[in-house]
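Data block below; observations after.
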Amino acid sequence: MKEIVIISGKGGTGKTSVTASLAYLANKDVIVADCDVDAADMHLLMKPINDRKEDFFSGVLPTIDQNKCIKCGKCASVCRWDAIPIIDNKYIVQPIDCEGCGYCARVCPADAISMNEQNVGDWIISDVKTNTKMVHARLGIGAENSGKLVAKVKNEAKVLAEKLNKDFIIVDGSPGIGCPVVSSLSGANLVVLVTEPSVAGIHDVKRVYELVKKFGIKAGCIINKADINTDKVQEIHQFLEAEDIQLISEIPYDENFTKAMTMGQTIVEFDPDGIGRILMNSWEKIKKIA
Amino acid sequence: MKILFTAKGTEWDSKMDPRFGRTEFFFIYDEETEKVETYDNRAIANEAHGAGPLTAQKMSEYKVDVLITGNGPGGNAAAVVTQTGTKVFVGAGEMTVKEAYEAYKSGELK
């Protein structure tokens with residue numbers, strides 16, 4: 001069983017559109033995992049039903065026991081995020097501002113502060129329209145994605161893939177290069193970089209590739225919107241050659257992407273003979289190099 | 001040589017854990033004394049953020065010469081591991097600990 005992770009560094013390059021298309025093409029051969037939890041939207045294209053949800057706990061926040069509090073203000077004075085203002089003569093933790101470092105609980109002389117695990121959302125296993133299953137997550141308002149949540153989603157996907165004898169796991173990776181991305185990459189067999197010929201697109205794909213290199217994972221690249229800037233496409237080619245990354249395909253700019261999205265379809269369903277064909281060839285290549 | 005494997009269990013036949021930072025166990029084999037030591041890393045695997053550097057710090061306490069894992073460590077954890085002078089071998093993510101040791105001995109791991 002191979003784990004294929006799709007990442008982009010920069011947002012808006014078409015990562016999720018590509019991921020959903022690959023998942024559609026691979027159909028029941030794969031388990032789909034959406035690790036782009038902050039702005040999850042694979043579900044818009046994969047149409048999940050029969051959700052089986054479980055609570056997800058991550059990170060800690062302090063609670064101040066007002067009966068024990070002696071109002072010395074030490075907690076507020078050490079807080080780097082000014083997350084403990086005085087409201088109605090009481091020290092109250094502001095959960096949105098708090099980073100959960102626990103310094104306040106450590107310095108409290110009255111032992112009035114306890115650190116408690118937070119229920120930040122759910123992780124979900126659903127049936128999807130491609131006759132397979134998808135593992136995804138939904139965060140509560142103000143909650144953030146974490147390496148832990150990504151690890152959980154990927155792990156559940158792996159357990160399912162082994163149980164149901166699937167050949168692949170397709171992972172919609174997290175954006176950026178931080179903790180959730182590190183967690184998305186960990187344990188992967190192949191990384192597919194989706195980029196676009198723009199200054200930011202190139203800059204970000206280079207940065208995220210630095211991370212891929214540290215993990216020593218094989219990588220391939222799909223250049224989306226490849227006809228919007230020929231100079232920048234050349235620059236991407238040079239980068240791929242220098243780093244020995246295989247170019248999987250180039251996809252021209254096409255408004256059908258947006259049209260498909262508004263219909264809740266993958267581009268492969270919406271335009272099977274145009275962009276769909278390029279992605280079909282891409283999936284065949286990816287299977288070979290994974 | 002003292003070798004640390006990232007593993008899903010505490011036996012030679014246990015599966016390797018392909019992840020470094022969130023590995024479930026350390027399986028440590030000392031080739032000189034032929035002794036095996038294990039460490040339950042699941043508390044760190046449960047951290048919301050920064051599991052990699054924490055695991056690397058824990059690993060440094062065991063003073064191992066070689067680390068064998070699936071892939072990784074990534075960014076910050078890699079910086080810590082480099083400081084400890086531990087040699088890293090990857091590509092053993094889908095093996096058992098025993099298979100990983102054999103692959104390492106025969107020079108199959110990078």
| task | Could you grab me the full set of residues in the range A:224-262 that are among the hydrophobic types (A, V, I, L, M, F, W, C), in a loop (DSSP other than H, G, I, E, B) and touching a residue at least 60 places away in the same chain (Cβ under 8 Å)? | result | A:251
| field | the range B:88-110: number of residues that are under 16 Å from residue B:24 (Cα atoms) and within 9 Å of chain A (Cβ to nearest Cβ) | value | 2
| remark: Looking across the range A:133-178 at residues that are β-branched (Val, Ile, Thr) and buried (at least 22 other Cβ atoms within 10 Å of the Cβ), the single one that is farthest from residue A:39 (Cα to Cα) is A:169
| request: Within the range B:62-87, track down each residue that is surrounded by fewer than 18 Cβ atoms within 10 Å (Cβ to Cβ), of a type outside the set (Val, Ile, Thr) and away from chain A (no Cβ under 12 Å). | output: B:62, B:63, B:65, B:83, B:85, B:87
| task | Please specify each residue of the range A:37-92 satisfying the condition of being β-branched (Val, Ile, Thr) and farther than 24 Å from residue A:119 by Cα. | result | A:70, A:78, A:86, A:87
| message | Take residues that are touching a Phe, Trp or Tyr at 6+ places or on another chain (Cβ under 7 Å) and tell me which of the helices (runs of 4 or more DSSP H) falling wholly in the range A:66-168 contain 2 or more. | response | A:74-78, A:147-163
| Filter the range B:1-26 for residues that are farther than 20 Å from residue A:158 by Cβ and of a type in the set (A, V, I, L, M, F, W, C); which is modelled with the lowest pLDDT? | B:1
| Out of all the residues in the range A:263-286, which are without any contact (Cβ under 8 Å) to a residue 40 or more places away in the chain and more than 16 Å from residue A:247 (Cβ to Cβ)? | A:263, A:270, A:271, A:272, A:273, A:274, A:275, A:277
| request: Provide a single number: the residues in the range B:46-66 that are in contact (Cβ under 8 Å) with a residue 24 or more places away in the chain and either within 18 Å of residue A:178 (Cα to Cα) or more than 14 Å from the chain's Cα centre (by Cα) (or both). | output: 7
| remark: Flagged in the range B:1-38 as part of a strand (DSSP E or B), surrounded by fewer than 18 Cβ atoms within 10 Å (Cβ to Cβ) and not charged (D, E, K, R), in numbering order, are B:36, B:38
| message | Quick check on the range A:188-223: of everything there that is assigned to a loop (DSSP other than H, G, I, E, B) and farther than 13 Å from residue A:6 by Cα, which residue is farthest from the other protein chains (Cβ to nearest Cβ)? | response | A:197
| Do we find that residue B:44 is crowded, with 18+ Cβ neighbours inside 10 Å, part of a strand (DSSP E or B) and among the β-branched types (Val, Ile, Thr) in this structure? | no
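The values are calculated or read from the model by the stated rules, or taken from the named source; none is laboratory data. Just so you know, these numbers come straight off a predicted model, no measurement behind them. Positions of Cβ are backbone-derived with ideal geometry, glycine not excepted, and every protein chain shown enters the neighbour counts.
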